[in-house]
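One structure below.
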Amino acid sequence: MIDVKNLEKKYGENIVLKNISETICKGEKVVIVGPSGSGKSTFLRCLNLLEVPTGGEIWFEGNLINSRGCNIDAIRMKMGMVFQHFNLFPHLTVMENITLAPVHLKLQTKAEAEENARRLLSLIGLSDKAEAYPQMLSGGQKQRIAIVRALAMNPDVMLFDEPTSALDPEMVGEVLELMKSLAEQGMTMVVVTHEMGFAREVATRVLFMDEGEIKEQAPPSEFFTNPKHPRLKDFLSKVL
Amino acid sequence: MFELKIFTASFIADKFVQTFIEEDRWKTFASGLGVTLFITFFAAILGIIIGMTVAVGKVWCYQSGRLKILDRIFDVYLTVIRGTPTLVQLLIMYFIILKSVDNGIIIAILAFGINSGAYVAEIVRGGILGIDKGQMEAGRSLGLSAWTTMRKIILPQAIKNILPALGNEFITLLKETSVVGYIAITDLTKAAVAVQARTYDAMFPLVSIALIYLLLVTVMTWLQRKVERRLAKSDRR
């Protein structure tokens with residue numbers, strides 16, 4: 001589904017991603033962990049071209065997305081993204097936040113989009129917030145609505161960039177629960193996070209990034225119990 | 001005794017009749033007021049169009065790193081317009097660039113619109129830069145184009161934040177139009193001066209138009225507050 005070949009990202013002389021090759025298949029839940037500054041967020045943001053790679057190729061469903069001829073907007077419709085700081089649109093109601101893109105991009109009529117939004121909102125138990133503005137919501141509610149906003153586009157893959165890092169501890173749970181149920185429904189997910197419990201429980205594969213490279217990857221059982229790379233051992237000893 | 005005289009009711013009534021009623025002079029003021037409002041309104045619209053275009057264009061050039069020449073052209077425009085007096089720009093328009101155009105009001109609208117556009121551009125640009133870049137990323141990540149995201153997500157938030165500054169700009173514009181007398185247009189100010197030349201009384205016409213300007217600005221301020229309140233509905237908690 002996503003094929004990354006020799007991906008490289010430099011800011012001037014500063015190399016953030018070094019020659020990364022990775023394949024993510026349909027249905028996989030890939031969790032990326034690593035110390036801050038390791039390039040894991042940059043890697044994730046390269047997948048939908050919010051960061052433009054300076055070298056290498058990124059293929060998504062048969063399209064080379066970092067090429068001039070590629071219509072990146074059409075690709076992004078199929079790749080949902082959830083941000084650390086939610087990035088809800090503060091001037092729009094929850095309903096408008098969710099329906100803006102599908103209606104504007106003519107994927108759904110306004111009535112269809114609103115019906116779909118109401119269905120999604122009832123799934124997360126926030127039906128009563130449809131006409132509320134983001135300012136009135138708690139962090140956990142905001143992030144769950146941001147997830148729903150991405151889901152409203154019916155994406156093939158969801159990218160999560162530290163979705164719980166900006167939340168109060170008591171609100172982390174509700175967001176992780178939603179992500180878990182999404183995983184159970186078979187959504188392909190790529191998640192950058194510091195939530196090791198989530199990685200252990202949900203991931204089909206855990207990647208450890210450090211210094212712009214994937215230093216180690218394994219299924220969670222092996223990843224957490226039998227780490228091989230010394231940097232990973234050191235990292236796990238600090239976070240677990 | 002003389003000082004007291006100017007404050008008596010009958011004196012004021014006399015002056016009022018002399019300034020506004022005799023020879024139907026109120027018509028001079030009324031048409032001057034109309035000209036002032038006409039120039040201000042259309043110059044403001046032109047300023048908004050130019051300002052938005054330049055602001056969005058500059059932000060786009062800056063973020064994409066493309067079309068540096070366009071960016072330079074915008075910079076020259078901003079530098080020249082903000083670096084020279086409005087009256088000088090108006091005179092250059094009238095006597096040089098649009099010499100062959102004989103409609104002074106059109107020239108004034110163009111001169112003030114182009115002038116105001118430069119200030120609006122910088123206000124709007126500041127407003128756009130003040131919006132968190134996560135908003136653009138969120139819009140783009142949903143598959144919306146840069147232009148759609150700008151129009152639907154960035155600009156509405158930016159305009160809400162810059163409304164007080166924009167209000168300022170249009171208040172300044174209204175008052176700046178008082179120099180159009182220089183290119184033989186009879187606006188509100190010129191009307192007062194014309195009446196003064198007939199009646200040999202300076203105080204009554206000038207104080208009157210000062211009060212009219214003040215009233216106009218008060219109305220503009222009121223309108224601005226009204227719009228501000230309407231746009232602030234998403235701020236309620």
Q: Identify, among B:35, B:17, B:54, the residue whose Cα sits farthest towards the positive end of the charge dipole of region B:3-69, taking +1 on the Cβ of Lys and Arg and -1 on the Cβ of Asp and Glu, with the dipole about the Cα centre.
A: B:54
Q. If you take the square roots of the eigenvalues of the alpha-carbon gyration tensor of region B:87-237 and sort them as a ≥ b ≥ c, do you get rounded (a/c under 1.5), prolate (a/b over b/c) or oblate?
A. oblate
Q) According to a simple spin-label model (label point 7 Å from Cα along Cα-to-Cβ), what is the distance in nm between residue A:54 and residue B:168? A) 4.0 nm
Q: Report the label-to-label distance for residue A:237 and residue B:196 in nanometres (one decimal), using points 7 Å from each Cα along the Cα→Cβ vector.
A: 8.7 nm
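For chain B, what is the mean residue ellipticity at 222 nm derived from helices alone (per DSSP H run of n ≥ 4: -39500 (n - 2.57); sum divided by total residues; nearest 500 deg cm²/dmol)?
Roughly -25000 deg cm²/dmol at 222 nm, from the helical runs in chain B.
If the convex hull of the alpha-carbon atoms of region B:73-124 is projected onto planes in all directions, what is the mean projected area in square nanometres?
Working: hull surface 14.5 nm².
Averaged projected area of region B:73-124's Cα convex hull equals 3.6 nm².
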Q. Where does helix B:188-199 land angle-wise versus the long Cα axis of chain B, in degrees 0 to 90, nearest 10?
A. 10 degrees
Q. Is any residue of region A:85-118 close enough, with backbone N under 19 Å, to a label point placed 7 angstrom from the Cα of residue B:145 along the Cα-Cβ axis, and if so, which?
A. A:100-108
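Can you give the direction-averaged projected area of the convex hull of the alpha-carbon atoms in region B:1-130, in nm²? Walk me through the numbers before you get to the answer.
Numbers: hull surface 51.7 nm².
Dividing the Cα hull surface by four gives the mean projection, 12.9 nm².
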Q | Geometric extent, Cα atoms of chain A - Rg, Dmax (angstrom) | A | 18.0, 55
Q: Work out the charge dipole of region B:92-162 with +1 on the Cβ of Lys and Arg and -1 on the Cβ of Asp and Glu about the Cα centre, then indicate which of B:115, B:135, B:161 is farthest towards its positive end.
A: B:135
**Q.** In order through region B:207-219: 3J(HN,Hα) via Karplus (6.51 cos²θ - 1.76 cosθ + 1.60), integer Hz, x for Gly, Pro
**A.** 5, 4, 6, 4, 5, 5, 4, 4, 5, 4, 5, 4, 4
Q: Give a quick list of trypsin sites (Lys or Arg not before Pro) in region B:84-163 that DSSP marks as loop, anything other than H, G, I, E or B, with at most 14 other Cβ atoms within 10 Å.
A: B:99
Q) Distance from the Cα centre of region A:1-36 to that of region A:116-181, in angstrom? A) 26 Å
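Exposed loop sites here are chymotrypsin sites (Phe, Trp or Tyr not before Pro) in DSSP loop states with at most 13 other C-beta atoms within 10 Å. What is the longest stretch of chain B lacking them? Provide the component values of the computation, followed by the final result.
Working: sites that count: B:7, B:200.
Here the longest run is B:8-199.
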(Q) Using only the alpha-carbon atoms of the protein assembly as shown as identical scatterers, what base-10 log of I(q)/I(0) does the Debye formula give at q = 0.11, 0.12 Å⁻¹? (A) -0.95, -1.05
(Q) What is the angle, in °, between the Cα long axis of helix A:139-151 and the longest principal axis of the Cα atoms in chain A? Nearest 10 is fine, range 0 to 90. (A) 90 degrees
**Q.** Top of B:196, B:63, B:224 by mean-square fluctuation, Gaussian network on chain B, Cα under 10 Å
**A.** B:63
Q) Sequence-distant or interchain residues sharing an amide H contact under 5 Å with residue A:7, placed H: which? A) A:20, A:21, A:57
Q. Residues of A:152-159, mean number of Cβ from any other protein chain within 10 Å of their own Cβ, rounded to a whole number?
A. 1
**Q.** Calculated on alpha-carbon atoms, Rg and Dmax of region A:33-115 in Å
**A.** 15.6, 45
Q. Between the helical axis of A:110-123 and the dominant principal axis of chain A, each derived from Cα atoms, what acute angle in degrees is found, rounded to the nearest 10?
A. 60 degrees
Q. So what is the relative contact order for chain B, in percent, with contacts set as C-alpha pairs under 8 Å and at least six apart?
A. 27 percent
Q: Quantify how strongly other chains surround peptide A:97-105 by giving the mean number of their Cβ atoms within 10 Å of each of its Cβ atoms.
A: 4
Q: Provide the per-residue ³J(HN,Hα) series for region A:32-46, in order, calculated from phi with Karplus coefficients 6.51, -1.76, 1.60 and θ = phi - 60°, each as a whole number of Hz, with x at glycine and proline positions.
A: 10, 10, x, x, 5, x, 7, x, 5, 5, 4, 4, 4, 6, 6
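Nearest 0.05, what FRET efficiency do residue B:103 and residue A:228 give at R0 = 51 Å with Cβ-Cβ as r?
Working: r = 82 Å, r/R0 = 1.62.
The formula returns an efficiency of 0.05 here.
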**Q.** Per-residue HN-Hα couplings for region B:101-107 [Karplus 6.51, -1.76, 1.60; θ = phi - 60°; Hz; x = Gly/Pro]
**A.** 7, 9, 9, x, 5, 4, 4
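Translational diffusion coefficient, Stokes-Einstein: compute it for region B:24-66 using the Kirkwood radius over C-alpha pairs as Rh, at 25 °C and 0.890 mPa s, and state it as an integer in µm² s⁻¹. Don't skip to the end; give the middle numbers.
Values: Rh = 12.7 Å.
The calculation lands on 193 µm²/s.
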Q: Just subtract the alpha-carbon distance of residue A:200 and residue A:70 from 0.36 nm times their residue separation and send over the number in nm, one decimal.
A: 43.2 nm
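Grab the DSSP H runs of chain A that are 4 residues or longer, score each as -39,500 (n - 2.57), total them, divide by all residues and round the 222 nm result to the nearest 500 deg cm²/dmol.
On the way: 9 runs with 90 residues, N = 240.
It comes out at -11000 deg cm²/dmol, rounded to the nearest 500.
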Q: Between residue B:69 and residue B:223, with labels modelled 7 Å along Cα→Cβ, what's the label distance in nm to one decimal, could you check?
A: 4.0 nm
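Here, each number is a calculation from the coordinates, and none is a lab measurement. Please read all numbers here as calculations on a predicted model, not as lab measurements. Cβ: placed from backbone, ideal geometry, glycine included. Neighbour counts: every protein chain shown.
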